[in-house]
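Trainee: Quick one: structure below, then a few questions.
The values are calculated or read from the model by the stated rules, or taken from the named source; none is laboratory data. From a predicted model like this one, the values you see are computed outputs, not experimental measurements. We place every Cβ from the backbone using ideal geometry, glycine too, and count neighbours over all the protein chains shown. Each accessible area value is taken on the protein alone, full model and side chains, heavy atoms only, with ligands, DNA and RNA left out. Shrake-Rupley method; radii C 1.70, N 1.55, O 1.52, S 1.80 Å.
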Amino acid sequence: TACGAGAEHRGDLAVGDRCAACNRAGCLRPDIVWFGEVPKHLDRIEAMLADSDLFVAAGTSGTVHPAAGFVAYARRRGIRTCALNLEPSGNADLFEETRTGPASRTVPDFFDALTA
């Protein structure tokens, strides 16, 4: 977080780990979106959604924005939508199709059906 550089890091992060770019310790974090943060590249995400014919959300509560709004954006554009979750999400009513169960089963089954 000190210099904004990104690098692959294998293993657990520790306070003493140093940034490969600036050598500062104590400033590494995983490249994920935490609650309250805005995802990177929202304009790119919207452009990719606009050019899609299928939107699939897997393993989400469906309640954290802006990501929870992607399904509504997809629906407005006439894109097919499917949710793959352990249980129905908070915005399950926005999806055309919902498949529930463990991801180890629902994700492969869904993609097998797509390619059949």
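Trainee: Assuming A2 fulfils every condition listed in (1) within 30 Å of T100 (Cα to Cα); (2) surrounded by 10 or more Cβ atoms within 10 Å (Cβ to Cβ) apart from one, which condition is it?
Mentor: Condition (1) is where A2 drops out.
Trainee: Go through A68, A103, A58, A83 for me and flag whichever is at pLDDT below 95 and open to solvent by less than 50 Å² (accessible area, probe 1.4 Å).
Mentor: Checking each option against the conditions leaves just A68.
Trainee: Residues in the range 1-10: is at least one of a type in the set (S, T, Y), more than 30 Å from T106 (Cα to Cα) and at pLDDT below 90?
Mentor: Within the range 1-10 (the criterion being of a type in the set (S, T, Y), more than 30 Å from T106 (Cα to Cα) and at pLDDT below 90), the answer is yes, since at least one residue qualifies.
Trainee: With the requirement that a residue be outside any loop (DSSP other than H, G, I, E, B), without any contact (Cβ under 8 Å) to a residue 24 or more places away in the chain and either charged (D, E, K, R) or in contact with a Pro (Cβ under 7 Å, 6 or more places away or on another chain) (or both), what does the range 59-109 give you?
Mentor: Scanning the range 59-109 gives R75, R76, D93, E97, T98, R99, T100, R105, D109.
Trainee: Would you call R76 of a type in the set (K, R), modelled with pLDDT of 90 or more and exposed (fewer than 14 other Cβ atoms within 10 Å of the Cβ)?
Mentor: Here the answer is yes, as R76 does meet what is asked.
Trainee: Just the residues that are closer than 22 Å to H65 by Cβ, open to solvent by 90 Å² or more (accessible area, probe 1.4 Å), part of a loop (DSSP other than H, G, I, E, B) and not hydrophobic (A, V, I, L, M, F, W, C), please, taken from the range 13-50. First the steps, then the outcome.
Mentor: Of all residues in the range 13-50, those closer than 22 Å to H65 by Cβ come to 29-50.
Cutting the leftovers down to open to solvent by 90 Å² or more (accessible area, probe 1.4 Å) gives us 29, 31, 34-35, 38, 40-41, 43-44, 48.
If we keep only those that are part of a loop (DSSP other than H, G, I, E, B) too, we end up with 29, 31, 34-35, 38, 40-41.
If the condition is that a residue be closer than 22 Å to H65 by Cβ, open to solvent by 90 Å² or more (accessible area, probe 1.4 Å), part of a loop (DSSP other than H, G, I, E, B) and not hydrophobic (A, V, I, L, M, F, W, C), then R29, D31, K40, H41 are the ones that fit.
Trainee: Which ones in the range 17-32 are out of contact with any Ser or Thr (no Cβ under 6 Å at 6 or more places or on another chain), touching a residue at least 12 places away in the same chain (Cβ under 8 Å) and not charged (D, E, K, R)?
Mentor: C19, A20, A21, C22, L28, P30
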